[in-house]
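Since the structure comes first, as structure tokens, the remarks are kept for the end.
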Amino acid sequence: MAFCASTDLSDPDCASAIAAAKENTRERLSLTFDTLVSYLESNPRHTSECVVVSTAASSVSVFSPNEHLYELDKWWRSRRRLSVVDMLISISASIDLPATSFIFCPGDYLGPQYRAGGDFYPPSYMNPSDADLPPHSGAPLPPIFAPFTCHNTNAIPLPVFSTRGGKEPLFGAHDEFAAKMSVGLNASVNKAVFRGGVAGKTCWPGYGPVRLPAESECGRRKLLMIGAHHPHLADFNFTSNNTIPLNQQGKYAANVIIEGHSGWSDRLRYVMHSGSAVVKQESYCGEWFEAVMRPWEHYAPVDHLLVNLPRTLEALLGGKGGARERILEGQKYFAAEMLSQEGVAAYVVEVLRLYEEAWGMLSNLSVSGGSKIAPTAAEPVTPPSDQASCLIAYPPHGVYETLFAFLSATGVHLGGEGTRAWAQGSPMVTPFPGGPPQITSIEFSEDILKYPKPTGEMVLLEAIVKYYNTMYGSNLTTDNVMVFPGGRAAFYVTLAHLRDGVTTLLEETEYPPYLDALVNLNRPYEVVQSNFMSDAPESAIAHVPDIDQTDVFVTNAVTKGLQAPGLRVGWVVASKKNIQQLRNYSTVAMGGCSRPSQLIAAKMLDMERVGKVREACAKHYSAQRERYLEGLEKLGIECRKFTGQGGFYVWGKLPNGLKCYDFNRRLFEHKAAILPGADCDMLRATRGKVGTEHENFIRFSFGASPLDSFDDDMRVIAECLR
């Protein structure tokens, strides 16, 4: 059914087409369509701009509660609704569409209702976490379709076209328009360009927009300030001051994509076809294709607050390592595969098919009482959820995802006899060659069985203080230290008690629990480039003259270097006032740390012993690192450019496009496992685990590998690479 396919939004034929469709819709379509229509009609405050779309083979029908597809206060939202219908009609001419019905909402914002400056942003109507939702009798409603999605909503992104001032074509002419964007592949201006509106644009912290003044520290205003300070790198300006049409911006070496309203911008899909290398701000929202874009392959990433933008532009425009050429090649391939009419059609058909599979249960719903939706008596419907436990669902973090998957596949625990524990960062617990013997026993009286002190036993506190004051010249006292049951507990508790508004900086490639903790605690964080290198073991304490004058928290444990992960003894070093607050927490929720474990840890921190352990540890792991680097490189795993000079990890890129999860499944057959690189991607919350550049990487831990296992280790890895 060719439904209002005119590109002229004022075409009067649209009005009559809509009226006819509405008249016939209820008789012709299933209760699924009726259910969604009823929801729109009964909740006009929340859904007045939305439409119900129904597809079946070559048929496309639409219901609009305000009668007209194009009569909305914001013209671009009208165009988005019409664009979706036009796209579906165009696709259905050559591909049968799945039989389904869904709600499409054209708004700019997904989240709780927000009003500012007279501008209304509709909420995420089907987001279960949205407290501003209207009631709908408890019946399950599917997620909405929208022009974009965000990590804290359940909206499904659907491509929209011809929404940028009406200058871009509808779906049917997209390929022709994209071809014009590719002019200027040999960029004549070695700068990055940005043109766009700024007034009213938002900075998006992931849980709601924040309106900021001109001197703000994020968003497009900050972008313009950066451009003003780096004119040799950037040509950033307001659209109203100095317009450059989008299809002429290809003369610039790079094009900066930064969020507009509500954490997203719709220009990326066009710039990907151009001759400008994309420089993309990491954001919490995006269009349908952004989740599978790979940094430094399809775009140059900059952090959300644009802290590393000047440095990124210097690298990109300075020609270092051929980064720009590599990105342009990746963009060209990505645009041809994902952003062509053929690619878009494949995505739309597949996402509608999966949507119908997941939500076909709605055909069992009936309309009752006009404004309410209720399950039929014959077939009661339970909303899809996990009700097997009264506890909130809590997934395991990255390392333990691998450990549990290994247990499920092999029936044994990784790290047990006969397994190769390359996934877990476990140190060797037997003495290092040339190092002191391990402490395997202590004597204690019944007194040690009493409750521990909230901040830790004095013998351990004194040992920790002596360690830092001796090694790093600090001036700590025992009032600056608190003991925890492991370093992870120390880290988690510190994060949990930060005041609102404190932002955590996180390196892009890191230990999986760090991101998991921040997400679970709903703490704001920013991801920065992983670039810290040190020639020798170092502590932040070495750079803090007086910790009592700071809010610095240093966490550590006896886990790795002192070879005792099973003791579960860690600590926090901080100002006296902050340690006092952590002590108070201990009286409520922790109750201290095992006293026998603390006694062993204190003996391990004996300064004479520590010196011998540090020397033997560095010598052993340096030799093992070189051994495994050479062996893995010979097998085709690129390691040296990604691996530092400390620790007992090798970071490697798998050959021939092999994915880390596929590699692990092969290793499981040999009772071995690595940590998938994608689990260590601290941006996985915004771009997912699949499609990230990390999915071809592994973290290989040789910490617990016996000296005589190397040859057999290489044999197993070689077999799994074939």
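The values are calculated or read from the model by the stated rules, or taken from the named source; none is laboratory data. Remember, predicted model here, so these are calculated numbers, not experimental data. All Cβ positions, glycine included, derive from the backbone under ideal geometry; neighbour counts span all protein chains shown. Note: areas computed on protein heavy atoms with side chains; ligands, DNA, RNA excluded. Shrake-Rupley method; radii C 1.70, N 1.55, O 1.52, S 1.80 Å.
Structure data summary
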{"read-out": "The listed residue being crowded, with 16+ Cβ neighbours inside 10 Å and under 19 Å from the mean Cα position of the chain (by Cα), out of Thr455, Thr509", "value": "Thr509"}
{"read-out": "Matching residues, the stretch 554-594, being surrounded by 21 or more Cβ atoms within 10 Å (Cβ to Cβ), part of a loop (DSSP other than H, G, I, E, B) and hydrophobic (A, V, I, L, M, F, W, C)", "value": "Val558, Leu562, Val569, Ala574, Cys593"}
{"read-out": "The stretch 491-506 - residue that is of a type outside the set (Ser, Thr, Tyr) and either in a strand (DSSP E or B) or touching a strand residue (DSSP E or B) at 6+ places or on another chain (Cβ under 6 Å) (or both) and, of those, nearest to Thr455 (Cα to Cα)", "value": "Phe491"}
{"read-out": "Pick from the stretch 442-488, criterion among the small types (Gly, Ala, Ser) and touching a residue at least 60 places away in the same chain (Cβ under 8 Å), ranking: farthest from Pro545 (Cα to Cα)", "value": "Gly486"}
{"read-out": "Qualifying residues in the stretch 471-490 (those that are modelled with pLDDT of 95 or more and in a helix (DSSP H, G or I)) - the one most open to solvent (accessible area, probe 1.4 Å)", "value": "Asp479"}
{"read-out": "In the stretch 304-348, residue nearest to Lys191 (Cα to Cα) [restricted to those that are among the β-branched types (Val, Ile, Thr) and open to solvent by less than 30 Å² (accessible area, probe 1.4 Å)]", "value": "Thr312"}
{"read-out": "Test result for Pro231, in a loop (DSSP other than H, G, I, E, B), modelled with pLDDT under 85, open to solvent by 20 Å² or more (accessible area, probe 1.4 Å) and over 19 Å from Glu329 (Cβ atoms)", "value": "no"}
{"read-out": "Filter result (of a type in the set (A, V, I, L, M, F, W, C), crowded, with 16+ Cβ neighbours inside 10 Å and more than 18 Å from Gly487 (Cβ to Cβ)) within the stretch 595-614", "value": "Leu599"}
{"read-out": "Criterion violated by Thr643 - all others in (1) closer than 30 Å to Pro437 by Cβ; (2) surrounded by 18 or more Cβ atoms within 10 Å (Cβ to Cβ); (3) polar (S, T, N, Q) satisfied", "value": "(1)"}
{"read-out": "Residue tally, condition touching a helix residue (DSSP H, G or I) at 6+ places or on another chain (Cβ under 6 Å) and in a loop (DSSP other than H, G, I, E, B), over the stretch 454-470", "value": "3"}
{"read-out": "Hits in the stretch 468-490 - residues which are hydroxyl-bearing (Ser, Thr, Tyr) and in contact with a strand residue (DSSP E or B) (Cβ under 9 Å, 6 or more places away or on another chain)", "value": "Tyr468, Ser474"}
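Here is a yes/no grid of residues against (1) assigned to a loop (DSSP other than H, G, I, E, B); (2) open to solvent by 30 Å² or more (accessible area, probe 1.4 Å); (3) in contact with a Pro (Cβ under 6 Å, 6 or more places away or on another chain):
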{"residue": "Leu403", "(1), (2), (3)": "no, no, no"}
{"residue": "Ser408", "(1), (2), (3)": "no, yes, no"}
{"residue": "Val412", "(1), (2), (3)": "yes, yes, no"}
{"residue": "Gly415", "(1), (2), (3)": "yes, yes, no"}
{"residue": "Pro427", "(1), (2), (3)": "yes, no, no"}
{"residue": "Pro431", "(1), (2), (3)": "yes, yes, yes"}
